[in-house]
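Have a look at the structure below, then the notes.
Readers should treat all values here as calculations from the given coordinates under stated rules, not as data from a laboratory. Owing to the predicted nature of the structure, the values given are computational and were not obtained by experimental measurement. Cβ atoms come from the backbone with ideal geometry, glycine included; neighbour counts cover every protein chain shown.
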Amino acid sequence: MPEQIAIIGAGASGMVAAIIATRRGASVRIYEKNSKIGKKILATGNGRCNITNKNITTSNYHGTHATFVNPAINRFNTTACTEFFRELGIEIFEGNNGRLYPKSHQSSSVVELLRYECQRLGVTFIFPCEVTQIQAGHDRFIISHQDGKDKASKVLIATGGLAMPTLGSCDSGYKFAQAFGHSIIEPYASLVQLETKEDLASINGVKIEGMIEILIDGQSATSKNDDILFANYGISGSAILDVSRHASWALEHHKKVKAKIDLVPEYSKEQLKNVLQKRKKYSNHKSVDLWLDGFINSKIARFIARDFSVKNADNLNTKDIISLVYAFKNLQLTITGTRGFKSAEVTAGGINTDEVQSQSMESKLQKGLFFAGEVLDIDGDCGGFNLHWAWASGYCAGQNII
């Protein structure tokens, strides 16, 4: 008789684990609290599903022990990942910065083909069905849910984290783990927009490629060169999402957080000074903001010039040019908060990986209990790294659960 496996959560890691375990002879049931499976997959990559990245390394992951990811991402690397999805019928194409997407440009293609493969192999989906308790018996787990109780020889918790509660995210996975003695690294929002003290309404909607540096209590914590999007509430964009975990953690610990933005990282200070000095010959009685227009976004030009003492570009001297260089290279903003789990793409923190075997994803505290995906204290950079962790950890769990 095949081994009975229960998977809690029909997301990325849960479905991949189900496919691998079933291919190895298991009988698998997936319990999903939502009325649809793969809801968070559908939202990834702005609906295009950023499946993975061609440049997967340990440095793209974070957590108390980020090297926990090594066995899984080495076993299920980018090549193995793309081959897995090609076998399901999903062709892959490369976007910017190594991001890999389905050629259909649709997240729904990924969900539908994962679902089809699960059902073709005989995986049973039970949804909507909220699991309320998991207990360990003599040689079985008892799965309690709204419709009764089931038994399983092994259990995989793949419930995700707290990000995007509108898609059904909750803390159930943490509670299940704690019931078996596991500790939880305090969760906080990551890959999330940052709120600022300064009023940025005048540059709302402006997107640039800039450099952002996060300062925590005056010390540099991290930096990133990528898209920066200004908004009424503060700042967003790929660069902001990638540095946000540091800001989010610091705010949770009541530290002072500032963002220093270089609006023109393609120029050194000296190069920028020379460019602005050369532009002086075309000042022709223009206001400073109009003189800057054509060099940088007009809204940014007005934002920089509004508090500048010199209003006519004809009157700019060398000291003024140096002040403008500083303004362009050192836009400082006070970070007052994040947009929270409601807007975050991923959860930082989670089940303590010290208590989980990295080779198998099995609990060190309870035999037969496994974990995969965002529920663990692992989070990745923006660009397909979080979905890759979900696939890779699910693959690893699926291999070892039977």
Notebook entry, point to check: To the nearest 0.05, how large is the calculated FRET efficiency for residue 36 and residue 144 if R₀ is 25 Å and r is the Cβ-Cβ distance?
Noted result: 0.65
Next item on the list: Report, in debye and to the nearest 20, how large the dipole of segment 230-275 comes out about its Cα centre when Lys and Arg carry +1 and Asp and Glu carry -1 on their Cβ.
Entry: 240
Margin query: Could you give each residue of segment 132-144 its phi-based ³J(HN,Hα) in whole Hz, using Karplus coefficients 6.51, -1.76, 1.60 with θ = phi - 60°, and x for Gly or Pro?
Written below: 9, 7, 10, 10, 9, x, 4, 9, 9, 9, 9, 9, 9
Check: Dipole magnitude of segment 165-309 about its Cα centre, charges +1 at Lys/Arg Cβ and -1 at Asp/Glu Cβ only, in debye to the nearest 20?
Finding: 700
Next item on the list: List the residues whose amide H sits under 5 Å from the amide H of residue 336, counting only those 5 or more places along or on another chain, with H placed 1.01 Å from N in the peptide plane.
Entry: 195, 196, 197
Notebook entry, point to check: Under a plain spin-label model, where a point goes 7 Å from the Cα along Cα-to-Cβ, how far apart in nm are residue 119 and residue 220?
Noted result: 5.4
Notebook entry, point to check: Among the lysines, which have Cα under 16 Å from the Cα of residue 149 when same-chain residues fewer than 8 positions away are ignored?
Noted result: 33
Notebook entry, point to check: Going from the alpha-carbon gyration tensor of segment 188-303, what semi-axes, largest first and in whole Å, does one get by taking the root of 5 times each eigenvalue?
Noted result: 30, 15, 11
Margin query: Can you compute the FRET efficiency between residue 330 and residue 254 using 1/(1 + (r/R0)^6), with r the Cβ-Cβ distance and R0 = 30 Å? Round to the nearest 0.05.
Written below: 0.75
Notebook entry, point to check: If R0 is 22 Å, what FRET efficiency do you get for residue 268 and residue 343 from their C-beta distance, rounded to 0.05?
Noted result: 0.05
Notebook entry, point to check: If contacts are Cα pairs under 8 angstrom and at least 6 residues apart, what is the relative contact order of segment 202-281 in percent?
Noted result: 33
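Arranged from highest to lowest average of other beta-carbon atoms within 10 Å per residue, in what order do the peptides 365-371, 378-384 appear?
Working: 365-371: 19.3, 378-384: 26.9.
Going by the mean number of other Cβ atoms within 10 Å, highest first, we get 378-384, 365-371.
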Next item on the list: Name the most mobile residue of 23, 339, 306, meaning the one with the largest mean-square fluctuation, in a Gaussian network model of the chain with Cα contacts below 10 Å.
Entry: 306
Note to self: Counting each pair of different Cα atoms once, what's the Kirkwood radius of segment 70-159 in Å, rounded to one decimal?
What the structure shows: 16.2
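All other residues with a Cβ under 12 Å from the Cβ of residue 382 taken together, and with Lys, Arg as +1 and Asp, Glu as -1, what is their net charge?
Values: positive: 99, 224, 245; negative: 226, 227, 242, 345, 379, 381.
My count for the surroundings of residue 382 gives -3.
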Margin query: Using only the alpha-carbon atoms of segment 137-258 as identical scatterers, what base-10 log of I(q)/I(0) does the Debye formula give at q = 0.20 Å⁻¹?
Written below: -1.14
Check: Working out 0.36 nm times the residue gap between residue 77 and residue 364, then minus their Cα-Cα distance, what length gain in nm do you get to one decimal?
Finding: 100.8 nm
Check: Tell me, in nm to one decimal, what length is gained between residue 283 and residue 178 on full extension, where the rule is 0.36 nm per residue of separation less the Cα-Cα distance?
Finding: 31.1 nm
Item checked: Dipole-positive endmost among 383, 394, 328 within segment 305-402 (Cβ charges, Cα centre) -> 328
Next item on the list: Take the Cα atoms of the chain, find their three principal axes, and give me the spread along each one in whole Å, biggest first.
Entry: 87, 43, 33
Check: Net charge near residue 174, counting Lys/Arg +1 and Asp/Glu -1 over other residues with Cβ under 14 Å of its Cβ?
Finding: -4
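Measure up 207/269; 224/311; 197/311; 36/103; 103/197; 175/256 against 30 Å on the Cα-Cα distance and list the ones that go over. Could the numbers behind the result be given before it?
On the way: 207/269 22 Å; 224/311 33 Å; 197/311 26 Å; 36/103 23 Å; 103/197 41 Å; 175/256 32 Å.
The pairs that break the limit, which is 30 Å between Cα atoms, are 224/311; 103/197; 175/256.
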Next item on the list: Place the peptides 88-97, 103-112, 231-240, 6-15 in order of packing, highest mean first, counting for every residue the other Cβ atoms within 10 Å and averaging per peptide.
Entry: 6-15, 231-240, 103-112, 88-97
Check: In whole angstrom, and with the biggest value first, how far do the Cα coordinates of segment 330-402 range along each principal axis?
Finding: 54, 24, 23
Check: What is the magnitude of the charge dipole of the chain about its Cα centre, with +1 placed on the Cβ of each Lys and Arg, -1 on the Cβ of each Asp and Glu, and no other charges, expressed in debye to the nearest 20?
Finding: 640
Notebook entry, point to check: By how many nm would the segment from residue 318 to residue 70 grow when fully extended, if each residue of separation counts as 0.36 nm and the alpha-carbon distance is taken off?
Noted result: 84.0 nm
